[in-house]
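Below is one structure, written out as C-alpha cells; the observations come after it.
Quick note: the coordinates plus some simple rules give every number you see, no bench work behind them. From a predicted model like this one, the values you see are computed outputs, not experimental measurements. Cβ: placed from backbone, ideal geometry, glycine included. Neighbour counts: every protein chain shown.
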Amino acid sequence: MIKAEEAKYMKSHEYVHIAQSVVGVSDFAQHEMGDVVYVELPKIGQKIEAGKQCAVIESVKSAFDIYSPVSGEVTEVNAAVQSDPALVNQSPYGEGWLFKLKITGEADGLMDWEAYQKFTKEAH
C-alpha cells in the first residue's frame, strides 16, 4: 500500500507513486465514478506516453478513460482489479492500483498531495 501523500497527481485524478512506479486513480476519483464494474488495463510491455489514454474504468455511472501521469513501459498490471473491479473503490492506494511502469519520462506538471487536495476542494 502506498501513501496518498507521497503520490503525484493529474487534474484528471490519476496518480503515480514515483518510487514504486505505481499508477492508479485517486480516492476522490473512485468516489466520483461510483461502483466500478469493469477495468481494462494496458498490456505488459506497452509503451505509454504521459497524458495519453491508456486504460478504461467502467462504473455503474459511465466509462472513464484513464491517462498515464508519466511516460514509460508497462511492467505489471494488477490482475486482481480485473477479476474484482470493486478493489478500485475499496482500496485505490492499496489493492486497487492499476499498473506499474518502468518510468522513462519526468513527472512534469503533476501536483503534489497538498496541491491536489486544494484542487479537489476547488472543483466542488
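Listed cross-link partners LYS61/LYS118; LYS8/LYS118; LYS47/LYS118; LYS8/LYS100; LYS47/LYS100; LYS100/LYS121 are compared with a 23 Å cut-off, the Cα-Cα value being larger for LYS61/LYS118; LYS47/LYS118; LYS100/LYS121. Relative contact order of the range 31-119, taken over Cα pairs closer than 8 Å and 6 or more residues apart, is 28 percent. Taking amide H atoms as placed 1.01 Å from N in the peptide plane, the amide H of ALA55 lies under 5 Å from those of ILE66, each 5 or more residues away in sequence or on another chain. The residues VAL77, VAL39, VAL60, when put in order of fewest to most other Cβ atoms within 10 Å, stand as VAL60, VAL77, VAL39.
The distance from the alpha carbon centre of the range 1-43 to that of the range 45-96 is 7 Å, rounded to a whole number.
In this structure, the amide hydrogen of THR75, modeled 1.01 Å from its nitrogen in the peptide plane, lies closer than 5 angstrom to those of GLY45, LYS100, LEU101, LYS102, counting only residues at least 5 positions away or on a different chain. Rounded to the nearest Hz, the phi-derived 3J(HN,Hα) couplings of the range 39-45 under the Karplus curve 6.51 cos²θ - 1.76 cosθ + 1.60 (θ = phi - 60°) are 10, 10, 10, x, 8, 4, x, where x marks glycine and proline.
Across the range 68-74, coupling constants 3J(HN,Hα) worked out from phi with the 6.51/-1.76/1.60 Karplus curve, θ = phi - 60°, read 7, x, 9, 7, x, 10, 5 Hz, and Gly and Pro carry x. 3J(HN,Hα) along the range 98-104: 9, 7, 10, 10, 8, 6, 10 Hz, from the Karplus curve 6.51 cos²θ - 1.76 cosθ + 1.60 with θ = phi - 60°, whole Hz, x for Gly and Pro.
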